[in-house]
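Coordinate-derived values only; no laboratory data. As the structure is a computational prediction, the values presented were derived from the model and not from experiment. As a convention, Cβ positions derive from the backbone with ideal geometry for all residues, glycine included, and neighbour counts pool all protein chains shown.
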Amino acid sequence: MPRNIGFAYTFLRQVCRPDKEYPKDYVHSLYFDTPDLDQYIRSASGDFKKDKVRIRWYGDITDQQSTVPVFLELKTREGFASSKQRQRLLVPRQRLEVAQLTGGIVDRTALMDTLAGFGHFPEMPLRPIILISYLRHRFNEMQTGVRVSFDQDISTSIVAPELGRQERELRLAGAVIEVKGPTLELPTTLKRMRVLDADWSRFSKYGYCIETHLTEPGTVARFWPSGRMVEP
């Protein structure tokens, strides 16, 4: 629940240490998909194997120089196992402006060549679909060192003009707690997160944000991830 966001952050500060290198920053991800949203459909249906292609950058671009580092990423999940490959690229700052994102940030040749280097060959053309941004706090659980992130202030903008309901930006209530450990077993200290009235489950920001844009305005819980503890 939104009223639990402050309590959740305070709880994590008690049992975790802030990450030494990057304790807090804004994360921006431009997700790609096929024209028929194949990756969204696979995610929503819980397919055993699914991929996500995105370009990610950090912080406020107005604080950057004329070029900004971005990361082209391929995230692959098979069952409960997941992996991520990423390639750092430098792009002109203006390409990260919302009005320019329909161009995909990098040219198509660079996109496909990088994915081919990852061993990924999409059967259908990919295009930019949605921008998702949020404030991320990074922690390490004190006893085990397991990485924990706390994402709040989640906003989402549809980039593909024919999708959604012409809403420029939507903001989701609640927050997402993501635990990245070697097993599905939570460290003992983090098991107390159950008191936050949140559920422990697989959760896709991409899938949820697409669903939010496609849902009729006024629908109950349209903007509610409401607090999620995400599997490793």
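Remarks
- Selected from 57, 8, 134, residue furthest toward positive end of dipole (the range 1-149; charges at beta carbon): 8
- P(r) tail fraction, the range 56-118 - alpha-carbon pairs more than 20 Å apart, %: 34
- Share antiparallel - DSSP beta bridges, the range 2-230, percent rounded to 5: 90
- Given +1 at the Cβ of Lys and Arg, -1 at the Cβ of Asp and Glu and no other charges, the dipole of the chain around its Cα centre is 660 debye to the nearest 20.
- For the range 84-156 versus the range 1-65, the spacing of their alpha-carbon centroids is 9 Å.
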